[in-house]
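S.K.: Sharing a structure here in structure tokens format.
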Amino acid sequence: MGKAVLTFFCGKMGAGKSTKARQIARDTNAVLLAEDEWLASLYPNQISSVADYISYSNLLKPQIKQLVQSILVAGTDVVMDFPANTLSQRAWFKTIFSEIEARHNLIYIDATNALCLEQIGKRRLAQPNRAATDTPAMFEQMTKHFMEPALEEGFNVTRLT
């Protein structure tokens, strides 16, 4: 159908997904959609646990899916700074691009736990509003759910280390 590309990311908390998403969107003149920005704007100060995140994230997904599909069908590339860290998250991304036969690129940022924790610490200092959630304890909790993409899932994967 269209030639537009959906780019999305997999990587542990603190791996650098948001930084890479901004860079790719800027370099390719793509529309950037960042989940953290949407959640902070629509549900300010309401996310303090993984359960809260999942609940509010799921509220966004139907509208975001329609928006992304509309942009892709119009021929504009989209970079989504939304996590593709679990099978169910990646399955959602697959519905977005497969329903409209768009191209996609899943970028897997394979960073060590030590690097992620270091970057989370720096982010906490640079963005004090994230101090409550950008913690080693939250990193450990989120990492329990992380699954790197597998070949049999059928994605076009670019692995960065």
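S.K.: Just to be sure, is Lys20 in a helix (DSSP H, G or I), out of contact with any Leu (no Cβ under 8 Å at 6 or more places or on another chain) and not hydrophobic (A, V, I, L, M, F, W, C)? Lay out the reasoning, then the answer.
M.R.: Values: in a helix (DSSP H, G or I): yes; out of contact with any Leu (no Cβ under 8 Å at 6 or more places or on another chain): no; not hydrophobic (A, V, I, L, M, F, W, C): yes.
In short, no.
S.K.: Val68 passes all but one of (1) more than 17 Å from Arg103 (Cβ to Cβ); (2) in contact (Cβ under 8 Å) with a residue 24 or more places away in the chain; (3) part of a helix (DSSP H, G or I); (4) touching a Phe, Trp or Tyr at 6+ places or on another chain (Cβ under 9 Å); which number fails?
M.R.: (1)
S.K.: A further question on this structure: Residue by residue through region 61-70, note down the ones that are surrounded by 15 or more Cβ atoms within 10 Å (Cβ to Cβ) and either more than 15 Å from Ala34 (Cα to Cα) or modelled with pLDDT under 95 (or both).
M.R.: Gln69
S.K.: When you go through Ala111, Ala132, Ala91 one by one, which is the residue that is outside any helix (DSSP H, G or I), surrounded by fewer than 16 Cβ atoms within 10 Å (Cβ to Cβ) and not polar (S, T, N, Q)?
M.R.: Working: Ala111 fails: surrounded by fewer than 16 Cβ atoms within 10 Å (Cβ to Cβ); Ala91 fails: outside any helix (DSSP H, G or I).
Sole residue among the options that is outside any helix (DSSP H, G or I), surrounded by fewer than 16 Cβ atoms within 10 Å (Cβ to Cβ) and not polar (S, T, N, Q): Ala132.
S.K.: What are the pairs with Cβ atoms under 9 angstrom where one residue, in region 107-120, is touching a residue at least 12 places away in the same chain (Cβ under 8 Å) and the other, located anywhere, is assigned to a helix (DSSP H, G or I) and of a type in the set (Val, Ile, Thr)? Sequence gap at least six, or different chains.
M.R.: Ile107/Ile24; Asn113/Thr143; Cys116/Thr143; Gln119/Thr19
Here's the yes/no breakdown for (1) within 19 Å of Val157 (Cα to Cα); (2) hydrophobic (A, V, I, L, M, F, W, C):
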position	(1), (2)
Leu33	no, yes
Lys61	no, no
Lys65	no, no
Val68	no, yes
Asp77	yes, no
Met80	yes, yes
Phe97	yes, yes
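S.K.: Taking only pairs six or more apart or across chains, which ones have beta-carbon atoms under 7 Å, a first residue in region 42-56 that is modelled with pLDDT under 95, and a second residue that is acidic (Asp, Glu)?
M.R.: Note: pairs meeting the criteria are Gln46/Asp52.
S.K.: Just to be sure, is Ile71 over 16 Å from Ala40 (Cβ atoms) and within 16 Å of the chain's Cα centre (by Cα)?
M.R.: Numbers: over 16 Å from Ala40 (Cβ atoms): yes; within 16 Å of the chain's Cα centre (by Cα): no.
Taking the combined requirement at face value, the residue does not satisfy it.
The values are calculated or read from the model by the stated rules, or taken from the named source; none is laboratory data. Here the structure is a predicted model, which means the values were calculated and not measured. As a convention, Cβ positions derive from the backbone with ideal geometry for all residues, glycine included, and neighbour counts pool all protein chains shown.
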